[in-house]
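Below is one structure, written out as structure tokens, with a few remarks after it.
Where a number appears in this text, it was derived from the coordinates with a stated rule and is not lab data. These figures come from a predicted structure and were not determined experimentally. Because the Cβ atoms are built from the backbone with ideal geometry, glycine has one as well, and the counts that use them run over all protein chains shown.
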């Protein structure tokens with residue numbers, strides 16, 4: 001492998017790791033292996049700490065392909081808790097309100113999901129990496145500051161109900177770059193005349209790369225430590 005000329009690794013991100021944690025772990029391992037102190041390593045699309053699944057890691061000159069790779073369609077399996085909300089729209093923050101769910105039926109959920117197919121407007125979460133006047137929204141939100149973000153146009157190609165109960169649903173979502181599944185959980189909860197927040201998320205595909213193509217961080221470290229290393233020609 002030639003990490004300077006550029007390699008692309010498909011990683012199954014573990015739960016509670018940040019995307020930065022994954023990049024940092026692999027970069028440090030590669031630097032030790034090639035005996036260098038500097039190397040570009042980046043990822044094609046952030047995953048929240050409470051999400052798992054496909055992360056594309058690029059090294060060296062392959063980092064020039066990051067924009068191209070992260071533009072690919074994404075597929076997720078998401079579990080949404082109904083009848084409650086959180087400020088972050090997931091489990092990062094505690095439940096702040098409860099709502100009734102007795103009226104929620106499978107048929108209501110199916111009808112509601114249909115409304116989210118195609119081009120939709122979505123307001124990103126306050127707890128996100130979006131910038132407001134140069135400041136990260138999530139940092140402002142954690143300080144208790146008011147965060148107002150503008151709606152963005154995105155595309156939901158497919159949305160499928162996988163599991164149903166009045167208090168929890170699992171869905172499969174195929175969507176464009178920039179979609180916040182946490183915000184989708186919020187919006188579905190509101191459309192059901194209840195509350196909703198994300199309780200689990202797994203990214204199963206980015207472009208043509210599926211989770212079946214991925215290896216764990218530990219497997220990637222072992223690969224880096226044991227593979228034959230090529231250095232670019234002078």
Exercise for the section: Report, in deg cm²/dmol and to the nearest 500, the calculated mean residue ellipticity at 222 nm for the chain, where each DSSP H run with n ≥ 4 adds -39500 (n - 2.57) and the sum is divided by the residue count. Expected result: -7000 deg cm²/dmol
Completion exercise
Proxy exposure order for 23, 173 (fewest C-beta within 10 Å first) is 23, 173
Exercise for the section: Treating the angle as unsigned and between 0 and 90°, give the value, to the nearest 10°, between the Cα long axis of helix 181-191 and the longest Cα principal axis of the chain. Expected result: 10
Practice task
Would you mind ranking 127, 3 by Cβ crowding within 10 Å, fewest neighbours first?
Solution key: 127, 3
Completion exercise
Computed on Cα atoms, the radius of gyration and Dmax of the chain in angstrom are 19.5, 69
Exercise for the section: Choose one answer from 122, 148, 70: the residue with the largest mean-square fluctuation in a GNM of the chain with alpha-carbon springs under 10 Å. Expected result: 148
Fill in the blank from the handout: Here the relative contact order (percent) of region 74-206, from C-alpha pairs under 8 Å and at least 6 apart, is 43
Exercise for the section: Between residue 117 and residue 79, with labels modelled 7 Å along Cα→Cβ, what's the label distance in nm to one decimal, could you check? Expected result: 2.6
Exercise for the section: Round to the nearest 10 and give me the degree value, 0 to 90, for the angle of helix 19-34's Cα axis relative to the longest principal axis of the chain. Expected result: 10
Exercise for the section: Please label the shape of region 74-206 as rounded, prolate or oblate, based on the square roots a ≥ b ≥ c of the eigenvalues of the alpha-carbon gyration tensor (a/c under 1.5 means rounded; beyond that, a/b larger than b/c means prolate, else oblate). Expected result: oblate
Problem - Percentage relative contact order, the chain, counting C-alpha pairs under 8 Å, at least six apart - result: 31
